[in-house]
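Notes for the one structure printed next.
The values are calculated or read from the model by the stated rules, or taken from the named source; none is laboratory data. Since the structure is predicted, the reported quantities are computational estimates derived from the model, not experimental observations. Cβ coordinates were reconstructed from backbone atoms using ideal geometry, including for glycine residues, and neighbour counts include every protein chain displayed. Each accessible area value is taken on the protein alone, full model and side chains, heavy atoms only, with ligands, DNA and RNA left out. Shrake-Rupley method; radii C 1.70, N 1.55, O 1.52, S 1.80 Å.
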Amino acid sequence: MIQVVVSRAIATDRSPHSDTDNCIPTITLRNLSDFTLHRVIAELEFFSKDGNRSAASVMFGSLDNGEEQERVASPLLVPDCTHLSARLHVPYCVFSNGLDCSVLIKASPYGTISLEMATPPSKP
């Protein structure tokens, strides 16, 4: 399993620098598989209860079995960090041996912001 979790979210809604980018999420990826990860791209779409949406894309580098990495995403254009949920799409996940690892990705609903896997688009 390769776990993705939104481990922290920093609220900036009282910051004088901007009145729109009010939440900065930190995404953590944990390699719980038996193989070394070469590269993973994680795309997250965030939703607030009032209908606002924002997105972030982060890339993780080489990770051995049992290692984790954190990436701070770009600020989200949502009112604040509360009452957010997110969907995860992983367009690229490759082990160091070149095999695809996307089927091993699991989104954690128990982070600071609840995360679920995005449903793949249906084929026509």
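Do we find that residue 103 is more than 14 Å from the chain's Cα centre (by Cα), in a helix (DSSP H, G or I) and surrounded by fewer than 16 Cβ atoms within 10 Å (Cβ to Cβ) in this structure?
It is true that residue 103 is more than 14 Å from the chain's Cα centre (by Cα), in a helix (DSSP H, G or I) and surrounded by fewer than 16 Cβ atoms within 10 Å (Cβ to Cβ).
Listed here are the residues, each with its yes/no results for (1) at positive phi; (2) in a loop (DSSP other than H, G, I, E, B); (3) among the β-branched types (Val, Ile, Thr).
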site: 47; (1), (2), (3): no, no, no
site: 57; (1), (2), (3): no, no, no
site: 65; (1), (2), (3): no, yes, no
site: 70; (1), (2), (3): no, no, no
site: 90; (1), (2), (3): no, no, yes
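State all residues of the stretch 73-92 that are among the hydrophobic types (A, V, I, L, M, F, W, C), within 13 Å of residue 6 (Cα to Cα) and modelled with pLDDT of 95 or more; if no residue qualifies, say none.
86, 88
What pairs can you find where one residue is in the stretch 61-75 and among the basic types (Lys, Arg), the other is open to solvent by less than 60 Å² (accessible area, probe 1.4 Å), and their Cβ atoms are less than 6 Å apart, with a gap of 6+ or different chains?
Note: pairs meeting the criteria are 71/27; 71/58.
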